[in-house]
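Reviewing the structure listed below.
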């Protein structure tokens, strides 16, 4: 057999993680309200589908934004031909303006520093290539997105060193934790080139406060290492405290701006992961120059640039979208967390993101990651929900799970909650049978709250609830 590359034969992509295994379980048996009522419900996908009707209305009212319409076809040839990898000026200007609006207009972004990439995945790899050589390291606070192991390391050879954060202080990033990770890297003979923070956090759904951000900037300045701020969830903050960007902090504190870089995209804030709009915004001229050259390997299509430029240049639409998105996320978050709390499931207090950090520690047979995996297999194979175990996010404490709540319609969410309720009843019956509430009362409680929280924009034309075997078993 002819030999192929180490990348091709290696395991650097990280697909052996339970995070990806959960996706495979869903893809093998996906839930459908009619065809597969017993299928796996996808709750491992951080996708924002709550404002699609709002966006659809704009698209229908602006047919000129599409090149495949009578109103837009006159731009077809111009856009279909070669485009400079700097990106269309109107696209960069619109994205820069949107980034400023998402941050409350408290900071402005220079369109000439906007470098496009194929989604945040490509943007992170681009930054890694620009900042570090193979064998050098980035510090990353835990828990963190499993895809970072792929995005930052697989093809670049960069090492990731966890900054261990703990539930005892709600997983906040502390100076002590940063110093400990930095020293651990040095002991392993790793040269630390940067620190990557995700703000708002995936998977925690929390934001970093000003004091923490200032402390982080002070740390990277003292160590003379780069700071990468992943801010792809900036517009998903749905209640106070408000989001604070690293770009605001460097306006207030003394800082070597050559060390500051932001990764952004429209995948989460706008709900457009399929458009593959990733952005690198660096305050370092050399990084901007290098990243722009690298962007030729992962450009955003000209057709997408054209549509996005039109949409984000509509100030009235953008202003209303930001408000609408926050309202829908808040409503869904409140309903989801309240429903879980009524069956005894808690979660980390959060105000952002498309997910919650669910606390199932009390369901573990023992406080080990093996026990966490046993519980996860039950949830996947018996409850038929794809949720992601904390160990796949490098969480240092077993029993936490990330659950996404914005990637489904209201009826699918109801089925998921009923499955969780049934599972918790069985668990409680086994543990404390005399203290159980009547199932009927819980069912009525869920029904009463439905009218208060359900969004008319997310109602499926085919309600899955009557077809669900779990519902039949309850009635």
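The values are calculated or read from the model by the stated rules, or taken from the named source; none is laboratory data. All figures in this text were calculated on a predicted structure; none of them were measured in a lab. All Cβ positions, glycine included, derive from the backbone under ideal geometry; neighbour counts span all protein chains shown.
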| Only one of (1) touching a strand residue (DSSP E or B) at 6+ places or on another chain (Cβ under 9 Å); (2) surrounded by 19 or more Cβ atoms within 10 Å (Cβ to Cβ); (3) assigned to a loop (DSSP other than H, G, I, E, B) is not met by residue 343, so which one is it? | (1)
| field | Residue in the stretch 124-134 that is within 30 Å of residue 239 (Cβ to Cβ), at pLDDT 95 or above and surrounded by fewer than 21 Cβ atoms within 10 Å (Cβ to Cβ) present | value | no
| request: Could you identify the single residue in 254, 222 that is part of a helix (DSSP H, G or I) and over 17 Å from residue 113 (Cβ atoms)? | output: 222
| query | Which one of the conditions (1) under 29 Å from residue 83 (Cα atoms); (2) not in a helix (DSSP H, G or I) does residue 303 fail to meet, given that it meets all the rest? | reply | (2)
| query | Right, residue 352: part of a helix (DSSP H, G or I), at pLDDT 95 or above and either over 19 Å from residue 273 (Cβ atoms) or not assigned by TED's automatic domain parsing to the domain that holds residue 264 (or both) or not? | reply | no
| message | I need the helices (runs of 4 or more DSSP H) fully contained in the stretch 89-198, keeping only those with at least 1 residues that are in contact with a strand residue (DSSP E or B) (Cβ under 8 Å, 6 or more places away or on another chain) and farther than 23 Å from residue 269 by Cβ. | response | 119-131, 148-151, 175-187
